[in-house]
1. Rg/Rh for region 1-145 to two decimals, with Rh computed the Kirkwood way over all alpha-carbon pairs.
2. Can you compute 3J(HN,Hα) from phi for each residue in region 202-215, using the Karplus curve 6.51 cos²θ - 1.76 cosθ + 1.60 with θ = phi - 60°, rounded to whole Hz and x for Gly and Pro?
3. For region 81-217, what ratio Rg/Rh do Cα atoms give with a Kirkwood hydrodynamic radius?
4. Could you derive backbone 3J(HN,Hα) for region 170-180 from the dihedral phi with the Karplus parameters 6.51, -1.76 and 1.60 (θ = phi - 60°), listing whole Hz in sequence and x where the residue is Gly or Pro?
5. Each residue of region 183-196 in turn: what ³J(HN,Hα) in whole Hz from Karplus with 6.51, -1.76, 1.60 and θ = phi - 60°, glycine and Pro shown as x?
6. At 1.4 Å probe size, with every protein chain present, just tell me what the per residue accessible area of region 10-143 comes to in Å².
Amino acid sequence: MSPLSGVLTEAWGLYRRFASHFLLISFAIYVITAILVALLSLAGAVGAILGAIIGFAATYVVQASLIKAVQDVRDGRVDLDLSETVRAAVPFILPVIGAAILAGIGIAIGFVLLIVPGLILLTFWCLIIPFIVLAGSGVFEAFGNSMRTVRGHAWRVFGTYVLVFLILIAFTIVLGIVLALLPQFLRSFVNNVVAGTLIAPFLALVATLIYYRLTAAQAGQPYTPTGPVGAPVLEPPYPTSPADSSGPPPANFTTPGPAATDTPAPGSTMPYPAQPGPGEPGPATPPDQGPGAPPPPPSAP
């Protein structure tokens, strides 16, 4: 069975189960960003440029925060609130933005050439952000880790994202119909906030679950889905298998098997005490067993 079997079903189940937590994170960031962009747009061209930069950075703040949120709920409960989740994601924002810019340039060049190279890079680089946020990989290290992890599962990954893309197209069409009665300026604002709020958590769930499933498959370990509250889960890097372990055992290592005892095994003989060499004193003789000791008392009948 493919490690990606049922990934969209699991993503949807987690989306519904923790919808309030995920939607709060994405809604808060998108609303704050939309307000800042709207205010900066009043300052002319410079404000518009600053607003575009803030909007670009906010996209990856949302992604990193939601990926952290998915990692948080893997034990079946929410341990980090909104502010704690964002704070946990902040150290990874700049590496994520840098990696996204590099990946965007490479994928754009691939699409300009023959489209197919762009799709290939888009597939093999889909785990760059999860590797940075969850595994702490560097920017360039994340590219290599993503390619090695996706290798062997590329068609499954590509097919999964095609399905996600089709779902998003259908959702966008429905949302556009619902918002058609609003004025143009209000429609654009509401569409950006609502679409971003509802779509971003699902995309983060899909990317994060693909990361966990493929890293588990690469390590030869079973994937542990999110279970009931307090369920234990394995986090990459997974423990190595016994066949991969080498070197001296740790100090507290105990070899399996029965404990050693002084009782000889059947058929074995106890070694005789070593005989004293010349000039060495012999073993001590108890005082009641010397040559002049009285005979032992007769035993009772």
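The values are calculated or read from the model by the stated rules, or taken from the named source; none is laboratory data. The structure displayed is predicted, hence computed values, not measured ones. Note: accessible area is taken over every heavy atom of the protein model, side chains too, but ligands, DNA and RNA are not part of it. Shrake-Rupley method; radii C 1.70, N 1.55, O 1.52, S 1.80 Å.
1. Values: Rg = 17.1 Å, Rh = 16.9 Å.
The Rg/Rh ratio comes out at 1.01.
2. Per-residue couplings from phi come out as 5, 4, 5, 4, 4, 4, 5, 5, 4, 4, 5, 5, 6, 5 Hz.
3. On the way: Rg = 16.8 Å, Rh = 16.6 Å.
Looking at region 81-217, the ratio lands at 1.01.
4. 4, 5, 5, 5, 4, 5, x, 5, 5, 8, 5
5. Going residue by residue, I get x, 4, 5, 6, 4, 5, 5, 5, 4, 5, 5, 5, 4, x Hz, with x marking Gly and Pro.
6. On the way: 6460 Å² over 134 residues.
So region 10-143 comes to 48 Å² accessible per residue, rounded to a whole number.
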